[in-house]
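A short write-up of the structure that comes next.
No lab work stands behind these numbers, since they all come straight from the coordinates. Just so we're clear, the structure is a prediction, and the values are computed from it rather than from any experiment. So basically every Cβ, Gly included, is an ideal-geometry build from the backbone, and we count neighbours across all protein chains shown.
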Amino acid sequence: MTTLNIQTIRKQFPILDRVIHDYPLVYLDNAATTQKPYSVLGTLDHYYQHYNANIHRGIHTLAEEATAAYELARDKTQRFINAPKREEIIFVRNTTEAINLIAYTWAEQNIGEGDEILISELEHHSNIIPWQLVAKRKNALLKYIPITEDGDINYEAYEKLLSSKTKLVAITQASNVLGTIVDIPKISKLAHEKNALVLVDAAQSIPHRKVDVQQLRCDFLAFSGHKMYGPMGIGVLWARAELLEAMPPFLGGGEMIREVSWQSAKWNELPYKFEAGTPYVSGSIGLGAAIDFIESIGIDEIQKYEQELTSYALTTFEKFPDLTVYGPQERGAVIAFTHKEIHPHDLSALLDSEGGVATRSGHHCAMPLASKLGIHATCRISFGIYNTKDEIDIFFEALGKAEEAMQCKNCTIKNLPCCKLKKKHEITISN
């Protein structure tokens with residue numbers, strides 16, 4: 001049982017005071033993006049009101065203050081993921097851009113015809129499409145690590161797929177659909193035995209559990225700020241310094257150069273070689289504030305509390321026989337499910353209008369995984385540090401209303417107002 005004062009934490013998030021369709025907001029869409037505490041919002045506001053300036057090359061006070069705050073955010077990020085060197089922290093827009101940076105730099109130099117790239121069946125599109133494109137450009141082979149029936153990585157099959165042709169293993173640490181937690185140290189150990197490198201998509205793990213790049217033994221790691229209580233539009237790529245040194249620039253322009261002539265240029269030192277143009281200064285500073293927020297609570301405490309929420313929700317799901325939950329029992333703070341009769345999109349709409357509950361429905365940018373599961377879409381709830389068991393109860397109450405509405409004949413006729421619901425809905429009956 002957690003010792004955290006969740007009500008005190010909730011008071012730090014102004015958006016939680018919103019009322020949706022006459023109900024207090026119940027925000028269960030944290031895997032898509034988290035809400036922002038006052039400390040992050042205030043940091044962004046303070047930057048723009050008091051020291052908004054471009055960084056690094058200015059010698060006036062505002063520029064020096066902005067530069068110091070920007071670089072402090074890099075130091076905080078280095079500490080947060082236990083990176084060996086601060087220059088290994090590259091600020092990008094998001095996880096997707098970080099992965100593409102590797103695909104268009106390191107992969108261009110190191111992937112050749114006949115080489116193999118391994119990814120898993122759990123992956124988000126942002127860790128599939130870049131490697132499909134690399135494989136096509138380089139005449140390489142993209143192979144998929146299968147998952148087990150309960151949604152875990154098939155480690156035995158993974159070991160068999162590894163070979164001397166394997167150059168890269170790109171894999172999520174936590175599935176955004178099934179909640180599966182991947183054993184990255186094991187993945188890294190086996191890959192390195194074949195001289196392959198490992199890229200970890202940590203977008204779904206970074207706000208929920210300790211992410212230590214030295215303990216994971218990976219070579220690249222990517223994550224997004226907006227999934228860890230920070231601003232949208234800021235993300236991080238971490239890579240070992242010797243790899244970054246050998247890689248060509250991703251983008252050309254200002255800041256990433258040391259010297260430019262009419263016909264050639266010399267690149268700047270790390271990390272600036274990969275931060276061309278004016279960066280998202282306020283976003284980086286806001287990311288630093290988000291790290292401060294997480295550390296003020298303690299990442300281990302966050303993980304422990306969210307596990308309590310997830311276990312409570314999974315137990316309650318068992319009381320609803322028409323629901324199918326996907327993924328392993330031991331998981332992160334994500335639960336994807338389907339209803340025997342109610343389409344996921346309709347279910348999300350009903351939960352919103354009949355309980356103020358924010359969920360997500362669809363394939364969750366993991367269409368190959370949905371195909372593997374034999375479904376087109378799921379409804380998904382996902383937790384953050386401000387969620388409560390009372391909110392989970394409200395979710396299930398709204399779910400019960402949706403089920404009751406489906407038993408009403410009028411509700412099964414498209415465009416007819418439901419006699420049991422407050423609003424008119426277009427209901428789609430699943431086959």
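Give me a count of the residues in segment 196-219 that are surrounded by 24 or more Cβ atoms within 10 Å (Cβ to Cβ) and either polar (S, T, N, Q) or outside any loop (DSSP other than H, G, I, E, B) (or both).
Total meeting the criteria: 5.
Is at least one residue of segment 21-30 closer than 26 Å to HIS208 by Cβ and assigned to a helix (DSSP H, G or I)?
In the first step, residues of segment 21-30 are kept if they are closer than 26 Å to HIS208 by Cβ; the result is 24-30.
In the following step, the residues that additionally are assigned to a helix (DSSP H, G or I) were identified as none.
No, because not a single residue in segment 21-30 is closer than 26 Å to HIS208 by Cβ and assigned to a helix (DSSP H, G or I).
Regarding THR315, is this residue polar (S, T, N, Q) and in contact with a helix residue (DSSP H, G or I) (Cβ under 9 Å, 6 or more places away or on another chain)? Quick ask: steps written out before the conclusion?
On the way: polar (S, T, N, Q): yes; in contact with a helix residue (DSSP H, G or I) (Cβ under 9 Å, 6 or more places away or on another chain): no.
So THR315 fails the test.
Just to be sure, is GLU330 in contact (Cβ under 8 Å) with a residue 60 or more places away in the chain, among the acidic types (Asp, Glu) and farther than 27 Å from ILE147 by Cβ?
Values: in contact (Cβ under 8 Å) with a residue 60 or more places away in the chain: yes; among the acidic types (Asp, Glu): yes; farther than 27 Å from ILE147 by Cβ: no.
Against the criterion (in contact (Cβ under 8 Å) with a residue 60 or more places away in the chain, among the acidic types (Asp, Glu) and farther than 27 Å from ILE147 by Cβ), GLU330 does not qualify.
Out of ALA246, ALA239, ALA276, ALA265, report the one residue that is crowded, with 21+ Cβ neighbours inside 10 Å and on the phi < 0 side of the Ramachandran plot. I'd like the intermediate steps shown before the answer.
Numbers: ALA246 fails: crowded, with 21+ Cβ neighbours inside 10 Å; ALA276 fails: crowded, with 21+ Cβ neighbours inside 10 Å; ALA265 fails: crowded, with 21+ Cβ neighbours inside 10 Å.
None of the others qualify; the one that does is ALA239.
Here is a check on your reading of the model: is THR359 under 29 Å from THR3 (Cβ atoms), touching an Asp or Glu at 6+ places or on another chain (Cβ under 7 Å) and among the polar types (S, T, N, Q)? Spell out the reasoning first.
On the way: under 29 Å from THR3 (Cβ atoms): yes; touching an Asp or Glu at 6+ places or on another chain (Cβ under 7 Å): yes; among the polar types (S, T, N, Q): yes.
The answer is yes for THR359.
Have a look at GLN303, GLN307 and point out the one that is under 21 Å from ASP393 (Cβ atoms), assigned to a helix (DSSP H, G or I) and not basic (Lys, Arg). Break it down stepwise before answering.
Numbers: GLN303 fails: under 21 Å from ASP393 (Cβ atoms).
So the residue among GLN303, GLN307 that is under 21 Å from ASP393 (Cβ atoms), assigned to a helix (DSSP H, G or I) and not basic (Lys, Arg) is GLN307.
Those residues that are of a type outside the set (Gly, Ala, Ser), under 16 Å from ALA398 (Cα atoms) and buried (at least 19 other Cβ atoms within 10 Å of the Cβ), I need them from segment 324-351; list them, please.
First, pick out the residues of segment 324-351 that are of a type outside the set (Gly, Ala, Ser): 324-326, 328-331, 334-335, 337-347, 350-351.
Adding the requirement that they be under 16 Å from ALA398 (Cα atoms) leaves 337-339, 341-347, 350-351.
Passing the criteria: PHE337, THR338, HIS339, ILE342, HIS343, PRO344, ASP346, LEU347, LEU350, LEU351.
Scan segment 117-146 for residues that are aliphatic (A, V, I, L, M), closer than 17 Å to LYS372 by Cβ, part of a strand (DSSP E or B) and out of contact with any Ser or Thr (no Cβ under 7 Å at 6 or more places or on another chain) and jot them down.
ILE119, LEU142
Within segment 83-109, track down each residue that is in contact (Cβ under 8 Å) with a residue 40 or more places away in the chain, aliphatic (A, V, I, L, M) and not in a loop (DSSP other than H, G, I, E, B).
Answer for segment 83-109, where residues must be in contact (Cβ under 8 Å) with a residue 40 or more places away in the chain, aliphatic (A, V, I, L, M) and not in a loop (DSSP other than H, G, I, E, B): ILE89, ILE90, VAL92, ALA98, ILE99, LEU101, ILE102, ALA107.
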